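Everything below concerns the one structure shown next.
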Amino acid sequence: KNEVEQSPQNLTAQEGEFITINCSYSVGISALHWLQQHPGGGIVSLFMLSSGKKKHGRLIATINIQEKHSSLHITASHPRDSAVYICGRGGADGLTFGKGTHLIIQP
Amino acid sequence: GAGVSQSPSNKVTEKGKDVELRCDPISGHTALYWYRQSLGQGLEFLIYFQGNSAPDKSGLPSDRFSAERTGGSVSTLTIQRTQQEDSAVYLCASSLGRPLYNEQFFGPGTRLTVL
């Protein structure tokens, strides 16, 4: 059983739509990581958070420690946002990742 | 400045051979991480270093895997007696400060194919 569950696994949306990707974890964390991986490309760290909310451009990440849940939101989505988004739970034992959400934004 | 670099970018080897993968972190980054991403699988954490020390090696898949870091900089991941299931992209990342608590910068990965 994976300690980190992401939903949805796949998401196709139209350009401009508001996107939400969810991440739930079963074990307490030191930090929650959101990563982005473009097709055939490298991995980029988007956010690392342990409480509250962070915003970077059109991306917003939130975390609820009590509910062991985090969300990644994309406002005014664009085709260049098409990528796999990966949630990772950081703890004393290292990092455990979800299987990723494959996002496609159609023009 | 330069990002995280890894070499080789691609490695094809025969089953049973040993391979060595190299990671050059961003200069000044004290923490270094190794991950594996297999086709159709998620990202798997292998090991991290704080300086030259790896506090927990339990993430390494088997005793055929080992990693070391010298001079607080370059790290090598060695896989002995490679098996086909070792085929994957091996990724390295580095960060400033306290491991696991800071933003990580990823290298481009080494694609390992074991025939």
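Overview of results
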quantity: DSSP-loop GluC sites (Glu not before Pro) across segment B:1-103, with at most 10 other Cβ within 10 angstrom; calculated: B:GLU14
quantity: Solvent exposure of segment A:57-107 as accessible area per residue, Å², 1.4 Å probe; calculated: 40
quantity: For segment A:63-107: Kirkwood Rh in Å [reciprocal of mean 1/r, alpha carbons]; calculated: 12.4
quantity: Carbon plus sulfur fraction of accessible area for segment B:20-115, probe 1.4 Å, in percent; calculated: 46
quantity: Net dipole in debye of segment A:1-99 [+1 Lys, Arg Cβ; -1 Asp, Glu Cβ; about Cα centre; nearest 20]; calculated: 180
quantity: Total accessible surface hidden between A and B, rounded to 100 Å², 1.4 Å probe; calculated: 1300
quantity: Segment A:1-97, Rg to Rh (Cα coordinates; Rh as Kirkwood inverse mean 1/r); calculated: 0.95
quantity: Low-density loop positions, chymotrypsin sites (Phe, Trp or Tyr not before Pro), segment A:4-88 - DSSP coil, at most 14 other Cβ in 10 Å; calculated: A:PHE18
quantity: For segment B:13-68, average projected area of the Cα convex hull in nm²; calculated: 4.8
quantity: Straight-distance crosslink candidates among aspartates and glutamates, where the alpha carbon sits under 19 Å from B:LYS11 and sequence neighbours closer than 8 are dropped; calculated: B:GLU20, B:ASP24, B:GLU85, B:ASP86
quantity: Rounded to the nearest 20 debye, dipole of the protein assembly as shown from Cβ charges on Lys, Arg, Asp, Glu; calculated: 160
quantity: Accessible surface, per residue, of chain B when the full set of protein chains is kept, probe 1.4 Å, Å²; calculated: 48
quantity: Distant alpha-carbon pairs in segment B:24-115 (separation over 14 angstrom), percent; calculated: 63
quantity: Chain B: relative contact order as a whole-number percent, Cα under 8 Å and 6+ apart; calculated: 37
quantity: Low-density loop positions, trypsin sites (Lys or Arg not before Pro), segment A:38-107 - DSSP coil, at most 15 other Cβ in 10 Å; calculated: A:ARG58
quantity: Residues of segment B:71-115 buried by at least 30 Å² on assembly (accessible area, 1.4 Å probe, chain alone as reference); calculated: B:LEU100, B:TYR101, B:GLU103, B:GLN104, B:PHE106
quantity: Value of Rg to Rh for the protein assembly as shown (Rh from inverse mean 1/r over Cα pairs, i.e. Kirkwood); calculated: 0.97
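The values are calculated or read from the model by the stated rules, or taken from the named source; none is laboratory data. As the structure is a prediction and not an experimental result, all values here were calculated from the model. Reconstructed Cβ throughout: ideal geometry from the backbone, glycine too, with neighbour counts over all protein chains shown. Just so you know, the surface numbers come from the protein's heavy atoms only, side chains and all, with ligands and any DNA or RNA stripped out. Shrake-Rupley method; radii C 1.70, N 1.55, O 1.52, S 1.80 Å.
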